[in-house]
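Below is one structure; the comments refer to it alone.
Taken together, the values in this text are just the output of simple stated rules run on the coordinates, not laboratory data. Computed from a prediction, not measured in an experiment: that's the story for all the values here. Here Cβ is always computed from backbone atoms with ideal geometry, including for glycine, and neighbour counts include all displayed protein chains.
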Amino acid sequence: MSAAKEIPVATVDRAHTQFHNKNALNKPALLVGGTMVARDLARSRRFYEEFCGLEVVRHKPGALLLRDGTHRRTRPYWYIEVYQRDAIERPQHLLNHWGIDLADEAAVDRCHALALEHQQTYGIKKVMPVHVQHGAYSFYLCDLDDNWWEFEAYRGPRVTTPDETDLVPTYTPTRFPQGEGSER
């Protein structure tokens, strides 16, 4: 297998963003975030910072912002806004999860072991087995607020065509062997 060429990630120039769908009614520059709810921001913050490794700030009363550590002006980043609520009215389903990329299969295995070891400490409700699907070696867990997370390491590039690399980080192939469960 030949080594994949790493494609640099573009910075966002909102004034000159090219759109794939020229007929779209709206022309967004970047999809940047989402929201979720938590019952206890202090307890949830410990999970986000200590277990997930995310950066967390309290930007207003009753709310937090989460982001990964890759926001350094050289590439776009996602953020998640977390609002405190007394009750979780609509618990998230596993198929509506937040994904966190890890370096490789060993990091996923380590994270899985840590999730089981620290399940009570962080109020983790459920830890699913590690598996291979959609080109990733991963597992899911349900946090203390019924939010699902997937910790994953991708096999090969996450994007499949040069047109899809505008704002999406690409990944060079890792040490994953080709074989059963490999979709790429």
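Worth a mention:
- Backbone geometry of region 46-62 corresponds, through the Karplus equation with coefficients 6.51, -1.76 and 1.60 at θ = phi - 60°, to 3J(HN,Hα) couplings of 4, 4, 4, 7, 7, 8, 6, x, 8, 7, 9, 9, 8, 9, 6, x, x Hz, x marking Gly and Pro.
- Computing FRET efficiency as 1/(1 + (r/R0)^6) for residue 126 and residue 58, where r is the C-beta to C-beta distance and R0 is 41 Å, gives about 0.90.
- Protection proxy ranking, peptides 134-141, 148-155, average beta carbon neighbours within 10 Å, highest first: 148-155, 134-141
- Region 114-129 - phi-based ³J(HN,Hα) in whole Hz, Karplus 6.51/-1.76/1.60, Gly and Pro as x: 5, 4, 5, 5, 10, 4, 6, 4, 9, x, 5, 7, 8, 10, 7, x
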